[in-house]
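Visitor: First, the structure itself, so that you have it in front of you.
The values are calculated or read from the model by the stated rules, or taken from the named source; none is laboratory data. These numbers were taken from a predicted model, which means no experiment stands behind them. Cβ placement follows ideal geometry from the backbone for every residue including glycine, while neighbour counts extend to all protein chains displayed.
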Amino acid sequence: MPGPVQSIERAAAILRLLAQGSGRLGLSEIANSLGLARGTAHGILRTLQLVGFVEQDEATGKYQLGAALLHLGTSYLDVNELRSRAINWADALAARSGEAVRIGTHLQGKLLVVHHVFRPDDTLQTLDVGMLLPMHATAMGKVLLAYDANAAAAVPDGDLEQFSRRTIRTTRELTRALSGIREVGWAADVEETTVGEASVAAPIRGYGGLVVGAMGISGPVERICDPHNRPRLDLVTFVRDAARAVSRDLGAPRW
Amino acid sequence: MAERYVMSIDQGTTSTRCILFDHGGRLVSVTQREHKQHFPRPGWVEHDATEIWRNLEQIGPKALAQARVGPGQVAAVGIANQRETTVLWDRHTGIPVTRAVVWQDTRTDMLVEELARRPDAYIVEELCGLHVATYFSAPTIRWLLDHTPGLRERAERGDVLFGTMESWLIWKLTGGPDGGVHVTDVTNASRTLLMNINTLSWDDTLLDFFGVPRAMLPEIRPSIQTYGVATRVVPGVRIAAALGDQQAALFGQTCFAVGEAKCTYGTGSFLLLNTGTEPVRSTHGLLTTVGYQIDDQPAVYALEGSIAITGALVQWIRDGLGLIGTAPEIETLARSVDDNGGCYIVPAFSGLFAPHWRSEARGIIVGLTSYITKGHLARAVLEATGWQTREVVDAMNADSGLDLRKLKVDGGMTANNLLMQFIADVLNVPVVRPMVAETVSLGAAYAAGLAVGYWPDLEGLRRNWHRAAQWLPAMDPRLRAEEYDNWQRAVERTFDWIKPSHEE
């Protein structure tokens with residue numbers, strides 16, 4: 001088994017130090033207190049700042065604990081912020097795929113639609129933002145279940161609600177599907193919510209690779225799928241590229 | 001085809017961004033960098049033009065790297081820019097002589113008042129379609145020439161050059177002191193108070209009126225025409241278009257026909273209506289401006305309703321008050337309550353622009369009671385943008401004699417669903433967002449692509465426009481009327497706040 005990771009130990013020490021006393025310290029004070037070289041301390045502080053655990057006062061240059069630490073339990077990315085950061089890539093995905101695009105996050109056992117781009121054919125369509133969808137029957141929902149252990153744990157054991165003949169029926173079946181999704185990095189829903197409709201989705205990741213949402217396209221089965229009812233690979237690539245572009249803008253590591 | 005993309009540079013008020021678009025008008029890569037806002041005194045707003053140039057030097061190559069292409073695969077570059085912001089620089093060194101004075105800066109308010117009182121002041125609006133205001137470039141140039149020792153002489157000798165941001169960037173891109181091209185596009189020139197709106201050339205009467213030497217001015221060129229070839233950032237690529245950012249958005253929204261209008265929601269917000277090849281004069285506080293000019297074709301004019309502060313109010317809530325961590329969080333905060341609780345914010349930070357044009361007005365928050373929470377303030381912030389749009393649309397309808405049937409919107413704030421719904425509610429017309437919210441950048445790309453034949457014609461561009469979202473009005477008419485009345489009473493309370501400092 002590998003030993004402790006030194007930089008994480010040091011980061012923890014810096015957070016402890018900032019949590020004591022007045023809570024505002026300069027770089028030298030921090031470096032001196034912990035016996036670290038200034039450059040080392042600076043590198044760790046910058047990373048902590050990037051993830052929101054530490055904030056730097058603009059005027060004095062001193063460091064303090066970041067607001068993100070106080071809200072560790074709640075979602076760290078505001079949904080309106082997510083939409084704002086993703087809007088350009090969602091537009092480009094709709095334009096490239098020719099299908100409607102949605103972005104969703106997990107909310108109390110349901111999939112919350114936080115952004116919706118119309119299918120680019122100028123037909124009458126209505127914004128779905130704010131709508132709640134079932135997690136286990138949608139591509140976006142399954143992506144979130146696959147990468148969010150808490151969301152997956154919240155699914156009750158046993159039989160799942162059925163929306164069509166193809167909806168996943170049991171928790172066991174779902175568990176198997178989710179491990180398949182983690183393997184390939186994307187999910188599909190072929191007539192699992194609505195007969196004649198299919199969708200493809202991929203995860204949006206933030207700092208450290210944490211999944212903060214899902215992004216996907218949906219449309220009629222005959223457009224989303226090949227003659228064998230499998231999602232068309234060119235569309236899957238568009239979806240994954242778009243989700244990756246958003247993730248990159250959110251500070252996710254490359255994967 | 002080796003040339004696969006068109007690059008747009010959007011030099012905006014808060015940041016510079018560089019975007020590559022493909023043939024379908026789809027975004028391929030985006031890079032962006034904010035620059036520092038300098039507020040050296042109350043009412044003063046400055047940018048460092050050298051910092052902005054350095055930002056472009058970084059983000060240009062980065063945008064290419066993101067798409068894994070070289071400059072050889074870029075057909076052309078188009079520039080859109082924050083308008084009116086004034087840069088003066090030394091022709092020989094390429095160094096700005098002062099920081100750039102931003103369009104929001106009100107340092108010239110006394111000068112403007114003085115100029116407006118002159119008996120021959122009526123000639124200004126007649127010749128250029130704009131009234132004298134701190135917003136436009138000419139008073140700023142005059143102020144800088146008056147307040148910097150020796151500058152006027154250097155300007156008269158042609159040693160110091162004037163330009164808005166597109167001029168500065170084109171000059172730098174084409175070599176700077178080493179053969180840089182000193183040009184401006186006709187839409188930007190139309191915002192200086194120095195260009196004749198009919199002849200589209202610098203007007204001697206206006207130059208005399210403002211005391212600006214001709215030697216420092218760039219050559220006025222059509223918006224869509226190859227100005228030169230870049231030697232920096234994207235070496236070898238043609239610089240084929242430049243437009244003021246709002247005009248670029250009009251172009252990006254493909255408002256090519258008379259009567260088509262768009263509103264762009266950014267730091268400020270700007271509603272432009274295409275009025276065709278004849279300039280239309282406003283009697284309701286709108287500006288007559290050039291929309292675009294394709295090569296040697298006749299220029300297309302526009303009526304403009306300019307709102308100084310919309311997104312900037314959200315930024316103030318974030319940076320000035322610290323109520324939110326990021327701008328989009330304003331929606332989260334605003335949704336924590338059901339209504340404004342009786343509170344209204346009129347953000348007359350640098351006076352009020354269209355349709356009031358009151359430079360002496362200053363911002364207010366009214367209707368405060370102990371009931372008001374930060375959630376209500378957030379509502380009032382968003383509603384201020386909605387009502388300001390309503391005022392401008394009312395003016396536009398009155399001037400054109402037509403009723404706006406739907407509003408095409410773009411810009412960063414269109415990601416805010418609560419705001420977009422509110423705008424549809426208060427205008428009582430559908431609000432439509434196109435597939436590319438970055439319409440300013442898209443317009444610059446379209447213009448440049450058109451100039452070099454990457455796109456064949458306007459019809460082809462029009463086919464790229466698709467609806468990405470739509471909000472339909474759903475407000476009780478009585479509530480709408482009551483709230484509008486409250487807003488208008490709030491606006492009246494901002495008037496006459498700043499007293500003239502030297503009244504005779």
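Visitor: Report, by residue number, each residue of region B:329-345 that is closer than 14 Å to B:ALA415 by Cα and either more than 14 Å from chain A (Cβ to nearest Cβ) or without any contact (Cβ under 8 Å) to a residue 12 or more places away in the chain (or both).
Guide: Once the filter is applied, which keeps residues that are closer than 14 Å to B:ALA415 by Cα and either more than 14 Å from chain A (Cβ to nearest Cβ) or without any contact (Cβ under 8 Å) to a residue 12 or more places away in the chain (or both), region B:329-345 yields B:GLU329, B:THR332.
Visitor: Another question, then. Here are some conditions: (1) among the polar types (S, T, N, Q); (2) modelled with pLDDT of 95 or more; (3) under 19 Å from the mean Cα position of the chain (by Cα). B:THR369 meets all but one. Which one does it not meet?
Guide: Going through (1) among the polar types (S, T, N, Q); (2) modelled with pLDDT of 95 or more; (3) under 19 Å from the mean Cα position of the chain (by Cα) one by one, B:THR369 breaks only (3).
Visitor: Here's something else I'd like to know. Hand me the list of helices (runs of 4 or more DSSP H) wholly inside region B:351-452 holding 3 or more residues that are free of Cβ contacts under 8 Å to residues at least 60 places away in the same chain and farther than 29 Å from B:THR187 by Cβ.
Guide: Qualifying helices (runs of 4 or more DSSP H): B:374-400, B:417-427.
Visitor: Scan region B:22-34 for residues that are crowded, with 19+ Cβ neighbours inside 10 Å, within 22 Å of the chain's Cα centre (by Cα) and within 26 Å of B:ALA49 (Cα to Cα) and jot them down.
Guide: Passing the criteria: B:VAL30, B:THR31.
Visitor: Right, another one. With respect to B:LYS374, is the statement that it is within 14 Å of another protein chain (Cβ to nearest Cβ) and surrounded by fewer than 24 Cβ atoms within 10 Å (Cβ to Cβ) true?
Guide: No, not satisfied.
Visitor: Is it the case that A:VAL143 is within 14 Å of chain B (Cβ to nearest Cβ), surrounded by 24 or more Cβ atoms within 10 Å (Cβ to Cβ) and closer than 16 Å to A:VAL239 by Cβ?
Guide: Against the criterion (within 14 Å of chain B (Cβ to nearest Cβ), surrounded by 24 or more Cβ atoms within 10 Å (Cβ to Cβ) and closer than 16 Å to A:VAL239 by Cβ), A:VAL143 does not qualify.
Visitor: Based on this model, can you work out whether A:THR194 counts as in contact with a Gly (Cβ under 7 Å, 6 or more places away or on another chain), surrounded by fewer than 22 Cβ atoms within 10 Å (Cβ to Cβ), away from chain B (no Cβ under 12 Å) and at pLDDT below 95?
Guide: Values: in contact with a Gly (Cβ under 7 Å, 6 or more places away or on another chain): no; surrounded by fewer than 22 Cβ atoms within 10 Å (Cβ to Cβ): yes; away from chain B (no Cβ under 12 Å): yes; at pLDDT below 95: yes.
The answer is no for A:THR194.
Visitor: Would you pick out the residues in region B:292-316 that are surrounded by 22 or more Cβ atoms within 10 Å (Cβ to Cβ) and among the β-branched types (Val, Ile, Thr)?
Guide: If the condition is that a residue be surrounded by 22 or more Cβ atoms within 10 Å (Cβ to Cβ) and among the β-branched types (Val, Ile, Thr), then B:VAL300, B:ILE307, B:ILE309, B:THR310, B:VAL314 are the ones that fit.
Visitor: Could you check how many residues of region B:22-43 are in a strand (DSSP E or B) and of a type outside the set (A, V, I, L, M)?
Guide: Within region B:22-43, the subset in a strand (DSSP E or B) is B:27-34, B:38.
Subset that is of a type outside the set (A, V, I, L, M): B:29, B:31-34, B:38.
Going through region B:22-43 one residue at a time, the tally reaches 6.
Visitor: Hey, does region B:54-73 have a residue that's surrounded by fewer than 23 Cβ atoms within 10 Å (Cβ to Cβ) and assigned to a strand (DSSP E or B)?
Guide: For region B:54-73, residues surrounded by fewer than 23 Cβ atoms within 10 Å (Cβ to Cβ) and assigned to a strand (DSSP E or B): absent.
Visitor: Within the set of pairs 6 or more residues apart or between chains, which connect a residue that is within 16 Å of B:MET413 (Cβ to Cβ) inside region A:79-96 to a residue that is part of a helix (DSSP H, G or I) and hydroxyl-bearing (Ser, Thr, Tyr) with Cβ atoms less than 6 Å apart?
Guide: A:ASN80/B:THR332
Visitor: Go through region A:26-61 and give me each residue that's among the hydrophobic types (A, V, I, L, M, F, W, C) and farther than 23 Å from A:GLY251 by Cβ.
Guide: Residues satisfying the conditions are A:ILE30, A:ALA31, A:LEU34, A:LEU36, A:ALA37, A:ALA59.
Visitor: Kindly evaluate B:VAL491 against the criterion of being in contact (Cβ under 8 Å) with a residue 24 or more places away in the chain, among the aliphatic types (A, V, I, L, M), crowded, with 16+ Cβ neighbours inside 10 Å and within 26 Å of A:ASP122 (Cβ to Cβ).
Guide: no
Visitor: While we're here: Condition (residue is away from chain A (no Cβ under 14 Å), on the phi < 0 side of the Ramachandran plot, touching a His at 6+ places or on another chain (Cβ under 8 Å) and among the acidic types (Asp, Glu)) applied to region B:468-481: is it met by at least one residue?
Guide: no
Visitor: Please work out if A:LEU45 is buried (at least 17 other Cβ atoms within 10 Å of the Cβ) and more than 12 Å from chain B (Cβ to nearest Cβ).
Guide: The answer is yes for A:LEU45.
Visitor: Starting from residues that are more than 21 Å from the chain's Cα centre (by Cα) and assigned to a helix (DSSP H, G or I), keep the ones in region A:124-175 and report whichever is nearest to A:GLU192 (Cα to Cα).
Guide: Quick first cut of region A:124-175, residues more than 21 Å from the chain's Cα centre (by Cα) only: A:124-127, A:156-173.
Now narrow it down to the ones that are assigned to a helix (DSSP H, G or I): A:171-173.
Values: A:THR171: 15, A:ARG172: 17, A:GLU173: 13 Å.
So the residue we want is A:GLU173.
Visitor: A further question follows. Somewhere in region A:101-120, is a residue within 11 Å of another protein chain (Cβ to nearest Cβ), buried (at least 17 other Cβ atoms within 10 Å of the Cβ) and in contact with a Ser or Thr (Cβ under 8 Å, 6 or more places away or on another chain)?
Guide: yes
Visitor: Can you work out which of the residues in region B:9-55 that are within 13 Å of chain A (Cβ to nearest Cβ) and touching a Cys at 6+ places or on another chain (Cβ under 9 Å) is modelled with the highest pLDDT?
Guide: Only one residue tops the list, namely B:ASP10.
Visitor: Output the residues belonging to region B:190-232 that are free of Cβ contacts under 8 Å to residues at least 40 places away in the same chain and within 22 Å of the chain's Cα centre (by Cα). Don't jump to the end; show me each part of the working.
Guide: Of all residues in region B:190-232, those free of Cβ contacts under 8 Å to residues at least 40 places away in the same chain come to B:199, B:201-202, B:204, B:207-208, B:214, B:219-221.
If the condition is that a residue be free of Cβ contacts under 8 Å to residues at least 40 places away in the same chain and within 22 Å of the chain's Cα centre (by Cα), then B:SER201, B:TRP202, B:GLU219, B:ILE220, B:ARG221 are the ones that fit.
Visitor: Which ones in region B:436-460 are within 14 Å of another protein chain (Cβ to nearest Cβ) and either over 17 Å from B:GLY24 (Cβ atoms) or among the aliphatic types (A, V, I, L, M) (or both)? Let's see the steps before the verdict.
Guide: Taking region B:436-460 as the starting set, the residues that turn out to be within 14 Å of another protein chain (Cβ to nearest Cβ) are B:436-442, B:445.
Hits for region B:436-460 are B:VAL436, B:ALA437, B:VAL440, B:LEU442, B:ALA445.
Visitor: Take B:VAL234 and decide whether it is surrounded by fewer than 24 Cβ atoms within 10 Å (Cβ to Cβ) and among the aliphatic types (A, V, I, L, M).
Guide: no
Visitor: While we're on this one: Name the one entry in A:VAL212, A:VAL200 that is modelled with pLDDT of 95 or more and either in a strand (DSSP E or B) or among the basic types (Lys, Arg) (or both). Can you show your working first?
Guide: Values: A:VAL212 fails: modelled with pLDDT of 95 or more.
It is A:VAL200.
Visitor: Sticking with this one: Can you find, within region B:185-235, the residue that is farthest from B:GLY443 (Cα to Cα) among those that are among the small types (Gly, Ala, Ser) and part of a helix (DSSP H, G or I)?
Guide: B:ALA215
Visitor: Could you please let me know if B:SER306 is touching a Gly at 6+ places or on another chain (Cβ under 9 Å), at pLDDT below 90, under 20 Å from B:THR389 (Cβ atoms) and not hydrophobic (A, V, I, L, M, F, W, C)?
Guide: No.
Visitor: Next up: On the basis of being of a type in the set (D, E, K, R) and not assigned by TED's automatic domain parsing to the domain that holds A:LYS142, does A:ASP78 make the cut?
Guide: It is false that A:ASP78 is of a type in the set (D, E, K, R) and not assigned by TED's automatic domain parsing to the domain that holds A:LYS142.
Visitor: In region B:118-169, how many are assigned to a helix (DSSP H, G or I) and not acidic (Asp, Glu)?
Guide: Residues of region B:118-169 that are assigned to a helix (DSSP H, G or I), as a first pass: B:122-128, B:137-147, B:151-156, B:165-169.
Of the ones still in play, those that are also not acidic (Asp, Glu) are B:122-124, B:127-128, B:137-145, B:147, B:151-152, B:154-155, B:165, B:167-169.
Result for region B:118-169: 23.
Visitor: Any chance region A:86-97 includes a residue that's of a type in the set (A, V, I, L, M, F, W, C), surrounded by 13 or more Cβ atoms within 10 Å (Cβ to Cβ) and more than 13 Å from chain B (Cβ to nearest Cβ)?
Guide: Scanning region A:86-97, I find no residue that is of a type in the set (A, V, I, L, M, F, W, C), surrounded by 13 or more Cβ atoms within 10 Å (Cβ to Cβ) and more than 13 Å from chain B (Cβ to nearest Cβ), so the answer is no.
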